[in-house]
Amino acid sequence: MPRNCFLILLMSLCHSAWPNTSVAWQAADAPIAVEAGAIATVQPLATEAGLGAYQRGGNAIDAAVAAALTLGVVDGHNSGIGGGCFILIHRADGTAFAIDGRETAPAAAHENMFLRDGKPQAGLSETGPLATGVPGAIAAYYRALRRHGNLSFAELLEPAAQIAENGFPLDSVSARRLASTADKLMQFSASKAIYFKPNGHPYGEGELLKQPDLAQTYRGIARQGPDYFYRGPVAQAVSEWMSKNGGMITANDFGNYEAKTRDAIVTNYRGYDVIGFPPPSSGGVHVAEMLNILEPFDLRAMHQRDPVQLLHVIAEAMKLAFADRAYWLGDADFADVPRGLIDKEYGRLLSQRINVDRATPVPEHGEPPQWKSDLFERHTTHVAAADKLGNWVAITATVNTSFGSKVVVPGTGVVLNNQMDDFSVFPGVPNFFGLVGAINNAVAPGKRPLSSMSPTIVLKDGRPVLTVGAAGGPKIITQVLLAIVRTIDLQMPLDEAIAQPRIHHQWSPDKLMVEHSMDATIIQRLKQFGHVIDVLPLHSAGVTQAIGWKSNGQLWPVHDPRIPGQASVYVP
Ligand code: GLY
């Protein structure tokens with residue numbers, strides 16, 4: 001198998017420099033002044049928190065973690081400390097780190113936990129106590145900061161705690177999400193106490209949302225470190241609530257949680273190194289796989305000749321990759337996930353199955369080379385941060401669907417995730433996102449559910465040129481692919497690449513999803529290629545944040561124009 005064309009790099013190329021998960025926390029290097037930094041998030045208050053971190057002498061890692069902690073307060077329907085995250089870091093010294101803060105299934109979890117009378121009950125994995133995995137965000141943020149940041153955890157937690165205590169006006173997106181999940185949130189007393197007014201209505205756009213319990217939790221973590229969360233009052237409160245309400249998570253599950261530093265995936269695409277997140281993310285694997293499938297095509301020439309044919313070919317690549325995702329992907333600590341999925345030759349063979357004039361059915365997954373022996377050791381938000389020293393960061397964080405399990409644990413203010421729904425609750429039964437999975441992604445104690453989160457950093461000749469990631473379930477993977485193809489192949493300016501209407505194919509259902517803003521004549525042509533088209537309603541094709549360079553050498557942060565967000569540059 002020709003493996004010389006691509007590498008799954010053990011990132012620094014020097015394995016001994018690659019930290020092991022059991023290594024004790026190392027003190028961060030002495031701070032070096034950041035000449036300029038950039039940050040892009042979906043919420044202006046979070047972007048401001050990132051700018052504040054730069055101002056206090058922080059680097060891009062500090063700025064990204066400050067923003068992520070603030071998003072947990074001001075954008076809690078998408079992410080928060082009751083959820084998980086993946087953090088991808090390219091350091092100024094050229095090393096890269098993938099920090100896995102994905103949730104884990106509790107020790108008592110088992111394959112049949114979402115079956116009743118032998119039948120899967122999807123609701124159980126989406127709402128309430130069984131939906132939740134042990135949260136990983138705090139452990140991952142702390143690990144990123146201690147090893148790669150300049151500032152202390154307490155310095156970044158306090159500004160977010162102040163916003164939680166004093167309140168902030170709800171924006172239109174949060175108010176809409178609150179209204180659409182209100183009936184489920186009100187089933188849980190602490191959730192009701194936070195998100196509903198005395199008159200019984202949920203808070204609306206422009207109204208002040210205060211979260212005093214969450215402020216207290218943030219301050220407890222600031223005082224006592226992650227132990228306050230994993231071994232102290234939060235673990236205790238969750239375990240008590242779970243045992244009273246039919247859940248499985250115990251204080252021991254919290255105490256046993258560990259963020260993991262993993263080997264990032266690097267694949268070469270047209271002379272660029274694309275760094276992605278390994279399993280339990282499916283993003284890194286399938287962005288690399290799709291790029292490998294597309295590389296034999298001259299996409300730029302195709303775009304100039306017939307832009308709709310380009311969309312058709314990209315859709316076919318998505319379909320092939322998602323068929324593999326459904327079968328092969330899961331937490332590689334538990335399941336056999338073949339490295340051959342990102343083999344260049346495998347990608348080339350799959351590319352030969354694409355008919356450039358016609359949609360081709362993909363009946364089942366492929367068989368990557370050496371699939372038995374060569375294995376990987378896995379509603380959401382994305383933060384992009386970069387500084388001029390060369391520290392570039394991509395954090396994707398999530399509680400899964402809006403407000404996760406809808407449970408706020410009394411006394412903590414913490415919204416618990418519903419990440420258990422990202423397991424295949426039953427082979428062939430689609431989850432919230434319509435994704436099907438197989439045995440590799442079945443529930444098991446301590447296992448991490450498969451994710452689509454795809455924080456990605458692209459290098460040219462060792463220099464970071466793009467950090468990109470997205471929210472949107474499986475559409476995360478395809479958004480990252482489109483951002484890379486549109487900037488590298490089509491040479492679009494970054495803002496245009498992100499604003500352009502998107503397509504998404506996830507193999508099952510066999511439909512090509514297109515954003516409503518796509519030109520009707522393009523949709524018509526895609527139908528003529530043989531695609532069954534599903535036009536997505538407003539705002540539903542995900543949200544991307546990215547940072548690149550302007551031609552004048554300035555950092556260029558971009559937030560997705562589909563929702564209100566903020567992208568800013570800090571200049572001292
Ligand atoms: N919960 C969405 C994902 O991780 O893919």
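What follows is calculated from the coordinates using simple rules that are stated; it is not laboratory data. Worth saying up front: this structure is predicted, and the values here are computed from it rather than measured. As a convention, Cβ positions derive from the backbone with ideal geometry for all residues, glycine included, and neighbour counts pool all protein chains shown.
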Report task. Show that you can apply the helix-only estimate: for the chain, add -39,500 (n - 2.57) for every DSSP H stretch of four or more residues, divide by all residues, and state [θ] at 222 nm to the nearest 500. Result -> -10000 deg cm²/dmol
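Ratio of Rg to Rh for region 220-358, alpha carbon only, Kirkwood? Before the final figure, lay out the partial values.
Values: Rg = 21.7 Å, Rh = 18.2 Å.
Using Cα coordinates only, the ratio equals 1.19.
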Query raised in the report: When you count, for each residue, the other Cβ atoms within 10 Å and take the mean per peptide, how do 152-164, 415-427, 168-180 rank with the highest first?
Result: 415-427, 152-164, 168-180
Requested in this report: Classify region 60-196 as rounded, prolate or oblate from the Cα gyration tensor: take a ≥ b ≥ c as the square roots of its eigenvalues, call it rounded if a/c is under 1.5, otherwise prolate when a/b beats b/c and oblate if not.
Outcome: oblate
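For region 154-225, what does the alpha-carbon gyration tensor say about shape, rounded, prolate or oblate, given a ≥ b ≥ c as the root eigenvalues, a/c under 1.5 as rounded, and a/b over b/c as prolate?
Values: a/c = 2.58, a/b = 1.79, b/c = 1.44.
Taking the square roots of the gyration eigenvalues as a ≥ b ≥ c, region 154-225 is prolate.
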Report summary line: Taking every DSSP bridge whose two residues both lie in the chain, the antiparallel percent to the nearest 5 is 95
Report task. Excluding residues on the same chain fewer than 8 positions from Lys527, give the aspartates and glutamates whose Cα lies under 18 Å from its Cα. Result -> Asp306, Glu316, Asp357, Asp510, Glu515, Asp519
Report task. Quick one: dipole size for the chain, taken about the Cα centre, charges +1 on Lys/Arg Cβ and -1 on Asp/Glu Cβ, in debye to the nearest 20. Result -> 200
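With the cut-off at 31 Å, tell me which of the pairs Lys344/Lys511; Lys511/Lys550; Lys447/Lys550; Lys260/Lys511; Lys197/Lys244 have Cα atoms farther apart than that.
Lys511/Lys550; Lys447/Lys550; Lys260/Lys511
Report the rotationally averaged projected area of the chain based on its alpha-carbon convex hull, in square nanometres.
Values: hull surface 95.4 nm².
The number I arrive at for the chain is 23.8 nm².
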